[in-house]
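J.: Could you have a look at this structure, given as structure tokens, before my questions?
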Amino acid sequence: MALSQFQQLADQATAYLIQKHSPSGNRIGWMMIASIFIEAWDLYAISFLLIFLTAEFHPSPLLLGLASAGTQAGAIVGSLAGGWLMDRVGRRIMFLGTMVMFIVFALAQAFAPNMETLAAIRLLLGIPLGADVAVGFTYIMESLPAGKRETMGNRWQAMFAIGEVVSILVITAMFAAGVMPQLLWRIALGLGAVPALVLLLMRVGLPETAIWLIQKGRFREAKRVTRELYGDGLDMLPDLDVLLPTGRFSDFFRDIWSDPIRRRASLFGWIASWAQALEFSTFAFYLPILFVLLGVSGILTTNLLTLGIYCVAVVSGLVGPEIVHRIGQRRLSIYGFSIVLVSLLVAGAAIAMDILWLVPIAAAAMLWGHYWDAENVMTIPTMVAAPRYRGIASGFSYIHTKLPQFLGIFLFPAFFNAIGAAPATFFTAIFPLVGLLAATFILPEVYGFIEVRHPAPGEAQIPGDQAVRAA
């Protein structure tokens, strides 16, 4: 049998599995989404510790921004390298390795002697974080059937909000208990290793995804996994292994651009990733400091106020995935970006007119919209990618979230100081406007999408090879 015929069998088996339900699928999906909590803890905890770090080390605004955004910069490297590697060595070995790396670097943060060292450690910490999120989304897209996987993937923002709430509660409790600030920030950053260790132990028993095994030509192992997870031995595949080619970066881009649905959906995902990341990393990330500087409240009350705002975000993050099957991914994005746009304009006006009581209300509304418009920016590009390129697709998509977050968190303090709170808030409204335009004019409705691989450049067209939307 020719290699192209084995590839055709692999593609047929992949399309078949995407429409099957595995009793273990939801458990695997939740386990992957749970890894978002770890990133959320690290990302949001640091925003509540900046005041303590500033008081102890007196860093420049740029160094403070670099320490805050270090994990975002590292995640750029981790997501791209991790996506490329997982298409070659497998999903399972990557998610185990990333958790081990995170535990080591999270603990190292707690012993940083100065801001320069802390910034360097957080840069390294971002590498496993970026890789793990890319692996997690790939696992979800290959473990759940069409329709279910979109709902599960969109839940990542709810987990971000939960991580924010937990970090606020823990840091506020330590502050209220009288823990010295010099010790508090070290404990808070080091605590990230605890959920990472728990998740690592939970993941040890997970098998490799059947779809990756199929696309690599490891048919015998794939049939064993599908019997365990789906109760289906994939009789369409032969009882032998074949070395099938792994997708390359150049082929990935050609494949995306060859199909109009994939092209438009991926392009939207990348643009919307920039929009949602910049709207958050400029305004919402610095809410605790913004409230203090505006005189809205003191440190303790600021944390409690921010806690209330992020409880609203948790509800938004939970509601969005539950309604996506009714309104679709496109309308979810349109609603989310519209809410953020209006909220930022209201917040800017409230700051300019010194109506400070309105700022927390506008911030809560902004986060409700943000947790809708950010839900599908990873789900859509990862979902529409051909399986042989899915690791690359997920990793490349996450770059478009992490790079703008790094730039926003790193540069916004200096930008804020230069032009003031109200003008900076008005400027931030540009980002949801761009996202709204992309959702309206670029994004096709892709809820229920089922992917079948297009032939790589130079391959013959396989009958029935097309990207389709499920009925």
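J.: Counting only protein heavy atoms and a 1.4 Å probe, tell me what percentage of the chain's accessible area is made up of carbon and sulfur.
T.: C and S atoms contribute 71 percent here.
J.: With Rg and the Kirkwood Rh both taken from Cα atoms, where does Rg over Rh land for the range 1-158?
T.: Looking at the range 1-158, the ratio lands at 1.10.
J.: How large, in Å, is the range 323-435 by the Kirkwood hydrodynamic radius built from its alpha-carbon pairs?
T.: Radius from the Kirkwood sum: 15.6 Å.
J.: Straight-line reach from LYS148: which aspartates and glutamates fall under 17 Å, measuring Cα to Cα and dropping same-chain residues less than 8 apart?
T.: Hits, sequence-local ones excluded: GLU322, GLU375, GLU445, GLU451.
J.: Any chance you could list P(r) for the chain, counting all Cα-Cα pairs in 20 angstrom bins from zero, rounded to whole %?
T.: All Cα pairs considered, the percentages come to 26, 55, 18, 1.
J.: Need one word for the range 114-207: rounded, prolate or oblate. Basis is the Cα gyration tensor (sqrt eigenvalues a ≥ b ≥ c); a/c below 1.5 gives rounded, then a/b vs b/c decides.
T.: Prolate is the answer for the range 114-207, as a/c is 1.5 or above and a/b outweighs b/c.
J.: What is the calculated FRET efficiency for ILE355 to GLU228, with r their C-beta to C-beta distance and R₀ = 51 Å, to the nearest 0.05?
T.: 0.30
J.: I've got another one for you. Give the shape of the range 194-253 as rounded, prolate or oblate, defined through the alpha-carbon gyration tensor: a ≥ b ≥ c are the square roots of its eigenvalues, a/c under 1.5 means rounded, and otherwise the shape is prolate if a/b is larger than b/c and oblate if not.
T.: Judged from the Cα gyration tensor, the range 194-253 comes out oblate (a/c at least 1.5, b/c at or above a/b).
J.: Here's a follow-up. Taking chymotrypsin sites (Phe, Trp or Tyr not before Pro) that fall in a DSSP loop and have at most 14 other Cβ atoms within 10 Å as cut points, what is the longest piece of the chain between them?
T.: With chymotrypsin sites (Phe, Trp or Tyr not before Pro) excluded where exposed in loops, the chain gives 112-356 as its longest stretch.
J.: To continue, here is another question. Please work out the C-alpha center-to-center distance from the range 311-351 to the range 61-126 and express it in whole Å.
T.: Centre-to-centre distance over Cα atoms comes out at 29 Å.
J.: Residue separation times 0.36 nm, minus the C-alpha to C-alpha distance between TYR16 and GLU322: what's the value?
T.: 107.6 nm
J.: Give me a comma-separated list of calculated 3J(HN,Hα) values for the range 61-73, in order, Karplus coefficients 6.51, -1.76, 1.60 applied at θ = phi - 60°, integers in Hz, x for any Gly or Pro.
T.: Running phi through 6.51 cos²θ - 1.76 cosθ + 1.60 with θ = phi - 60° gives x, 5, 5, 4, x, 5, 5, 5, 9, x, 5, 5, 5 Hz.
J.: Between ARG220 and ASN417, with labels modelled 7 Å along Cα→Cβ, what's the label distance in nm to one decimal, could you check?
T.: Spacing of the two 7 Å Cα→Cβ label points: 6.4 nm.
J.: While we're looking at this one, here's another question. Average projected area of the Cα convex hull of the range 10-82, in nm²?
T.: Answer in nm², one decimal: 7.4.
J.: Please work out the FRET efficiency for the pair PHE111 and LEU169, using the Cβ-Cβ distance as r and a Förster radius of 35 Å; give the result to the nearest 0.05.
T.: Once the sixth-power term is evaluated, E becomes 0.90.
J.: On a 1.4 Å probe surface of the protein chains, which of ILE339, ILE76 comes out largest in accessible area, and what is the full order?
T.: ILE339, ILE76
J.: Shifting gears a bit: Based only on the alpha carbon positions, what is the Kirkwood hydrodynamic radius of the range 91-248, in angstrom?
T.: With all distinct Cα pairs of the range 91-248 included, I get 18.4 Å.
J.: Taking 0.36 nm per residue of separation and subtracting the Cα-Cα distance, what length does fully extending ARG254 through VAL315 add?
T.: Net length gain for the segment: 18.0 nm.
J.: Then there is this: Tell me whether the range 368-433 comes out rounded, prolate or oblate; compute the Cα gyration tensor, take square roots of the eigenvalues as a ≥ b ≥ c, and use a/c under 1.5 as the rounded threshold.
T.: Prolate is the answer for the range 368-433, as a/c is 1.5 or above and a/b outweighs b/c.
J.: If I take R0 = 22 Å and measure r between the Cβ atoms of MET202 and VAL104 in this structure, what FRET efficiency does the formula 1/(1 + (r/R0)^6) give, to the nearest 0.05?
T.: The formula returns an efficiency of 0.75 here.
J.: What distance in nm separates the simple spin-label points at SER4 and ALA177, each placed 7 Å from Cα in the Cβ direction?
T.: Going by the 7 Å Cα→Cβ label model, 6.7 nm.
J.: Sticking with this structure for a sec: Need one number: nm distance between label points at LEU243 and HIS58, each 7 Å from Cα along Cα→Cβ, rounded to one decimal.
T.: Rounded to a tenth, the inter-label distance reads 6.3 nm.
The values are calculated or read from the model by the stated rules, or taken from the named source; none is laboratory data. Fair warning: this is a prediction, and the values are worked out from it, not measured in the lab. Reconstructed Cβ throughout: ideal geometry from the backbone, glycine too, with neighbour counts over all protein chains shown. Surface accessibility is based on the protein's heavy atoms, side chains included, excluding ligands, DNA and RNA. Shrake-Rupley method; radii C 1.70, N 1.55, O 1.52, S 1.80 Å.
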